[in-house]
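What follows is a single structure, written as structure tokens, with notes after it.
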Amino acid sequence: MDKVIYCLFFVLILVSFIGSIFFGIWTKKDTKNGRMKRWYLNPDHTEVYYDPDRAVLAAILHFFTALMLYGYFIPISLYVSIEVVKVLQSIFINNDLNMYHEETDKPAHARTSNLNEELGQVDTILSDKTGTLTCNSMEFIKCSIGGVAYGRGFTEVERALSKRKDSYFGRKMKNDKNVAKAAESKSTIKGFNFMDERIMNGNWVRQPNANVIQSFLRVLAVCHTAIPEVDEATGKISYEAESPDEAAFVVAAREFGFEFYERTHSAISLHELDLNSNVKSERSYNILNVLEFSSARKRMSVIVRDHKGKLLLLSKGADSVMFELLGKNGREYEEQTKYHINEYADSG
């Protein structure tokens with residue numbers, strides 16, 4: 001369509017240009033005994049048009065006049081046809097399976113018929129933020145608690161590596177059916193892609209370091225600023241958080257048995273799995289202070305009072321900062337944790 005319009009526009013300019021040249025020649029010769037032969041063509045309110053003494057300027061003005069007079073050379077039906085094509089293309093965009101997002105059950109939606117030509121003009125994207133070009137989606141896949149690594153799930157990087165026959169992950173998946181199943185399956189819970197029978201379904205209470213796991217899960221369930229939203233129809237709880245990683249932490253705590261279900265101005269309420277009785281019970285933590293995350297602190301902390309009246313300072317943050325804050329009696333799992341962190345970094 002663009003080529004057709006370019007061709008028609010070129011012909012229009014060519015016709016107007018040729019016409020203006022001949023107009024200028026005839027205007028210059030349009031004198032006889034000092035008078036114009038075609039005096040009736042000279043407009044009343046102009047001193048330039050049809051002036052034999054200024055034939056060049058008259059020819060230039062005639063060129064623009066010809067562009068308007070011959071403008072119908074480009075049919076209006078062509079523009080209508082293009083608009084119809086745009087509408088049809090937008091329908092194709094809306095029905096494109098490759099642009100359908102399965103997790104949110106949303107197809108692409110072209111809100112304007114000009115979307116396709118705008119996409120067609122994109123050649124290079126310059127951006128100073130990775131977040132503008134990537135999907136900031138966080139999933140809870142692995143964790144290190146008390147020097148023990150948990151989680152048999154696979155990251156996208158590991159899935160890509162597993163396709164290589166000689167890779168470590170590829171051999172591991174072939175030898176372990178449970179690992180292969182975990183790698184192929186995708187959790188239906190948004191933000192949670194964890195699989196490890198040692199601590200799933202409340203099995204963590206039977207682990208040797210159960211008290212450490214309990215403290216870990218309590219931090220995930222309490223140290224945050226998320227707000228719960230209960231679906232009245234299904235009763236399911238979803239969370240509105242400041243960042244996707246914070247939402248993933250709260251969802252993970254819920255799946256492990258520490259369900260955060262209510263927040264007030266002064267307290268956080270949980271359905272917490274008891275370590276001794278292995279039964280869920282309601283627990284409330286009074287919020288005394290919240291030290292929000294900042295780029296300078298690189299961590300977030302909350303000061304709460306538990307149901308026994310004990311004061312707790314719960315904190316989460318960047319490993320580079322948290323390791324520096326450890327006391328002498330709190331470095332028991334430092335080496336193992338650092339090793340696991342490096343492994344997780346390699347896993348993407």
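The values are calculated or read from the model by the stated rules, or taken from the named source; none is laboratory data. Keep in mind that this is a model prediction, so the values were computed, not measured. Glycine also receives a Cβ, built like all others from the backbone with ideal geometry; neighbour counts cover every protein chain displayed. Keep in mind that these areas ignore ligands, DNA and RNA; they rest on the heavy atoms of the full protein, side chains included. Shrake-Rupley method; radii C 1.70, N 1.55, O 1.52, S 1.80 Å.
Consider the range 48-81 and keep the residues that are open to solvent by 100 Å² or more (accessible area, probe 1.4 Å) and of a type in the set (A, V, I, L, M). The one that is farthest from VAL4 (Cα to Cα) is VAL56. LYS236 meets the conditions (1) modelled with pLDDT of 80 or more; (2) of a type outside the set (Phe, Trp, Tyr); (3) crowded, with 17+ Cβ neighbours inside 10 Å in every case but one. The failed one is (3).
In the range 195-233, the residue that is nearest to GLY147 (Cα to Cα) out of those that are assigned to a loop (DSSP other than H, G, I, E, B) and open to solvent by 60 Å² or more (accessible area, probe 1.4 Å) is PRO208.
One residue stands out among those in the range 139-179 that are at pLDDT 55 or above and among the aliphatic types (A, V, I, L, M): the one that is surrounded by the most Cβ atoms within 10 Å (Cβ to Cβ), which is ILE141. For the range 197-214, a residue qualifies if it is of a type outside the set (Val, Ile, Thr) and farther than 19 Å from ILE141 by Cα, and the qualifying residues are ARG206, GLN207, PRO208, ASN209, ALA210, ASN211.
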